[in-house]
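Below you'll find the structure, written out as structure tokens, and then a few comments.
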Amino acid sequence: MVKPADVPTYVEYGVADIGICGKDTLMEEDKNIYELLDLGFAKCRLCVAGYENKDLRFVDTLRVATKFVNVAKKYFYKKQQNIEIIKLSGSIELGPVIGLSDVIVDIVESGKTLAENNLSILEEIAEISARLVVNKVSLKTKGDIIRPLVNCIKEVLNQSDD
């Protein structure tokens, strides 16, 4: 067992042939691995959240609190929005509450924590769930073992949809 954030690194370097981690981790780490399956569990959303009634249209540089630094940079770059990243590791929702940031980028499951802090989802970046990932070289050199395993997992997933 390893920390979920380390799974893509272990898989990329071939220490592990296969791994399971969240889509959020894959987006943040951006490793050179194959994402083969959406396993359909641990579902949540990666969102921009803040105060619904705060007009941010004229903010020159948006202050964003997050642990998803790379995801936030890419997301706001595509929107051509100037940002200042404030990296936090926990209690991200406190950023706007204490005036540290204008918004946050964080995982939202039920939205309860946001509501408890009078925050709302402003934008959804991505739907998140657990994903099966594979080392690229391992898929070529051990494909005779890996592909049948992946197919078995697909069958189980398809049965659970019925």
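The values are calculated or read from the model by the stated rules, or taken from the named source; none is laboratory data. Treat the numbers as computed from the prediction; the structure is a model and nothing was measured. For neighbour counting, all protein chains shown are included, and Cβ atoms are generated from backbone atoms with ideal geometry for every residue, glycine included. Just the protein is used for accessible areas: all its heavy atoms, side chains included, with ligands, DNA and RNA removed. Shrake-Rupley method; radii C 1.70, N 1.55, O 1.52, S 1.80 Å.
In the stretch 33-53, the condition of being farther than 30 Å from Q159 by Cα, in contact with a strand residue (DSSP E or B) (Cβ under 8 Å, 6 or more places away or on another chain), of a type in the set (F, W, Y) and surrounded by fewer than 17 Cβ atoms within 10 Å (Cβ to Cβ) is met by at least one residue.
A single entry from I85, I121, I98 fulfils the requirement of being within 15 Å of V69 (Cβ to Cβ) and aliphatic (A, V, I, L, M): I85.
Counting just the residues of the stretch 94-113 that are of a type in the set (D, E) and part of a loop (DSSP other than H, G, I, E, B), which one comes out farthest from A49 (Cα to Cα)?
Quick first cut of the stretch 94-113, residues of a type in the set (D, E) only: 102, 106, 109.
Imposing the further condition that a residue be part of a loop (DSSP other than H, G, I, E, B) reduces the set to 102, 109.
Values: D102: 9, E109: 13 Å.
Only one residue tops the list, namely E109.
So that you can scan it fast, the table gives a plain yes or no per residue for (1) open to solvent by less than 80 Å² (accessible area, probe 1.4 Å); (2) over 19 Å from the mean Cα position of the chain (by Cα); (3) free of Cβ contacts under 8 Å to residues at least 24 places away in the same chain:
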| residue | (1), (2), (3) |
| --- | --- |
| E93 | yes, no, no |
| D102 | yes, yes, no |
| V108 | yes, no, no |
| R131 | yes, no, no |
| G143 | yes, yes, yes |
| V156 | no, yes, yes |
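A count restricted to the stretch 15-30 and to residues that are open to solvent by 40 Å² or more (accessible area, probe 1.4 Å) and within 20 Å of V150 (Cα to Cα) stands at 5. When V137 is tested against (1) open to solvent by 80 Å² or more (accessible area, probe 1.4 Å); (2) more than 23 Å from P8 (Cβ to Cβ), exactly one condition is not met: (2).
All conditions but one from (1) of a type in the set (A, V, I, L, M, F, W, C); (2) open to solvent by 50 Å² or more (accessible area, probe 1.4 Å); (3) at pLDDT below 95; (4) over 26 Å from V137 (Cβ atoms) apply to M1; the one that does not is (4).
Yes or no, residue by residue, for (1) more than 26 Å from G90 (Cα to Cα); (2) at pLDDT 95 or above; (3) not in a helix (DSSP H, G or I):
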| site | (1), (2), (3) |
| --- | --- |
| I125 | no, yes, yes |
| R147 | yes, yes, no |
| E155 | yes, no, no |
| N158 | yes, no, no |
